[in-house]
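Just so it is clear, none of the values below were taken in a lab; they were calculated from the coordinates. Not measured: the values here are computed from a predicted model. FYI the Cβ positions are ideal-geometry reconstructions off the backbone, even for glycines, and counts take in every protein chain you see.
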Amino acid sequence: MISSEEFRKALRHFPAGVTIVTVRAGDKTHGLTVSAFASVSAEPALISITIENRHKAYPMLQEPEAVFAVNILGEGQAELSNRFAWVKDEDRFAMGNWSNAETGAPVLTDALAWLDCRIHARYPAGTHTIYVGEVVASNVPHEEAPPLIYWNRGYRKLRLHEEPEA
C-alpha cells in the first residue's frame, strides 16, 4: 500500500476546478473551499462533494435538514477561494456577493455557476464522507468566463488550445 504522501504527490498532477461549498443546517451556515466535486447523474440531477470528517462542515452535513450549494469559481476569484480555505475566526461570508438559494443555502451571485442541493445520500469513505446532492436549483451568471483551476499546489489559468489555421 502507498503512503498518503505518495498518494497526494500523484493526485496533485490532476487539475481540478475550484468551488466554495456552502452549508446550511438549521440557523447555522458555513462555507469551505472544495475541489472534490463531480457530476453524478443528469436524470435525476445529482452531484457529489467529498468532505473530511474532521472539518467543521461534517457535523452540519450530518444533520437531517442540512442543505448545501456548490459555487463554481472563476479565474479571478482566487482570493475568495483562499478566504474560505484558510480564514478561521472571521466571517468568511464578509467577502463576496451572497444570496440565499431555494433551499436557504448561501450562493455566490457572481460565481461562474452555482448548484443548490438537498442531500440525497451520504457514504462514509475512509477519513472523508461523500455527499450526493439532488440539485433543486442552479444558475449560470457568467457563462463564458474561464474557471479557477488548481493544479500542482497552485492556482492556474485555463489556456484554450487553438487549432492552427490551414
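Restricting the calculation to Cα atoms, every distinct pair contributes to the Kirkwood radius of the stretch 15-154, found to be 14.9 Å.
Ellipsoid semi-axes for the stretch 74-166, based on the Cα gyration tensor and the rule √(5λ), read 27, 18, 18 Å when sorted largest first.
Listed by chain and number, the lysines whose alpha-carbon sits under 26 Å from that of residue 56, ignoring those within fewer than 8 places in the same chain, are 9, 28, 88. The residues 13, 128, 142, when put in order of fewest to most other Cβ atoms within 10 Å, stand as 13, 142, 128. The ranking of 132, 87, 23 by Cβ neighbour count inside 10 Å, starting from the fewest, reads 87, 132, 23.
For 95, 1, the sequence from fewest to most other C-beta atoms within 10 Å is 1, 95. Relative contact order, whole percent, for the stretch 15-154 stands at 30, derived from Cα pairs under 8 Å and 6 or more residues apart.
Under the convention that each Lys and Arg Cβ holds +1 and each Asp and Glu Cβ holds -1, the size of the dipole of the stretch 1-80 around its Cα centre is about 200 debye. Label separation (residue 4 vs residue 158): 3.2 nm, computed from points 7 Å beyond Cα along the C-beta direction.
When the inverse distances between all different Cα atoms of the stretch 30-96 are averaged and flipped, the Kirkwood radius reads 13.5 angstrom. In a simple Cβ point-charge model (Lys, Arg +1; Asp, Glu -1; nothing else charged), the stretch 15-154 has a dipole of about 520 debye relative to its Cα centre. Dipole orientation for the stretch 1-126: of the candidates 53, 33, 3, 3 has the Cα lying most toward the positive pole (charges on Cβ; Lys, Arg +1; Asp, Glu -1).
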